[in-house]
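The values are calculated or read from the model by the stated rules, or taken from the named source; none is laboratory data. Not measured: the values here are computed from a predicted model. Don't worry about glycine lacking a Cβ; one is built from the backbone with ideal geometry, like all the others, and counts go over all protein chains shown. For accessibility, only protein heavy atoms count, side chains too; no ligands or nucleic acids. Shrake-Rupley method; radii C 1.70, N 1.55, O 1.52, S 1.80 Å.
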Amino acid sequence: MKLFITRIVLALDHFRQWLIAQTMFGFLNFLKLFPADGAINFADWLTRKLGPRMKRHRLMLANLRNAFPEKSEAELQEIALASWGNMGRLAAEYVFLDRLFDFDPERNEPGRVEVSGIPIFLDLRDNPRPFIVFTGHTGNFELLPVAGAAFGLYVSVLFRPPNNPYVAQKVFDFRSARMGKLVPSHAGSSFALARQLEAGQGVGVLVDQKFRKGLNTKFFGLDVKTNPLLGKLVRQFNCEVYPARCIRLPGNRYRLEIEPMIETPRDANGNLDMVATAQLLNDKVESWVREYPEQWLWYHDRWKIKHDVL
């Protein structure tokens, strides 16, 4: 009897996840009926309306209060609403990702996407060597590997699959067709990335995700655990490290930036300082977020806020 009940519970959970996935796919297919700008603007409007009704909105505001104690409540509410809009835009942009990246260095008039740091892209492509590009959940970060592929620069991208298995498979299929090789984040992902670097290729990682076990660092002056993966890979392969980000511009336009190589901190013996390297990554992402706070995903429990806000 117990086994039968367990199977029923599992079946109901699978059905619930399937239903959520189909609802999401249906919404995205609905957006395909409209021009890209209209669909993206609609998704922004809708999530601004729905977001504050969700439990995650309280976590978002708690995060913002901790990060920006100097800002008024009205300012924080405005950032939170804009951040929900940013999430809506991310969802809608998935539908039109193939059409959004229209950068052409030979075109005189500006398009939807502008790119900063083209010489770095070309140098990494034309002079192969192991390297790491890191970014954060800011703007439409999904456009960065698309831009790399457009320049003929293919990197192996570490990503965390959604918890819903139906959504995860759809996302994986979509991304892998447009972004090169994907490495799902799991226990063996570090070995997969190491093989790419050992072969003289590049990898891309997000460095602002919540991490339960890691290095003790600060983010917005608050204690956080930071994943040591990037530092371990640099220590093993002595590879170059480049920051990159996407910035949303008015009119549903985007600026993609790859910045010059950063110097990773070393100790007195010349060995990589793991904690200082992790802190350097946090400081870089923090500088991006401070510049455009509404373009970061504040609903993540990055600081492990007490769950009574949820």
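The GluC sites (Glu not before Pro) of the stretch 211-310 that meet both conditions, a loop assignment by DSSP and at most 13 other Cβ atoms within 10 Å of the site Cβ, are Glu263.
By a 1.4 Å probe calculation restricted to protein chains, His57 has an accessible surface near 20 Å², given to the nearest 10. Put simply, the amide H of Val157, placed in the peptide plane, has neighbours under 5 Å in Lys181, Leu182, Val183, Gly204, leaving out anything fewer than 5 places away on its chain. In the assembled protein chains, Asp98 presents an accessible area of approximately 100 Å² (probe radius 1.4 Å). Using the Karplus relation 6.51 cos²θ - 1.76 cosθ + 1.60 with θ = phi - 60°, the per-residue 3J(HN,Hα) values for the stretch 292-298 come to 9, x, 6, 9, 9, 8, 6 Hz, with x marking Gly and Pro.
Near Lys218, the amide H atoms lying under 5 Å from its own belong to Val224; only residues 5 or more places off or on other chains count, and H is placed 1.01 Å from N. Of the GluC sites (Glu not before Pro) found in the stretch 69-146, those in coil by DSSP whose Cβ has at most 12 other Cβ atoms within 10 Å are Glu70, Glu106. Which pairs break 19 Å Cα to Cα here: Lys218/Lys304; Lys284/Lys304; Lys225/Lys284? Where the Cα-Cα span goes over 19 Å, the pairs concerned are Lys284/Lys304. Of Arg212, Arg255, Arg58, the residue with the largest accessible area leads and the full order is Arg212, Arg58, Arg255 (1.4 Å probe). For a straight C-alpha distance cut-off of 19 angstrom, the aspartates and glutamates reachable from Lys71 (same-chain residues fewer than eight places away being disregarded) are Glu286, Glu291, Glu294.
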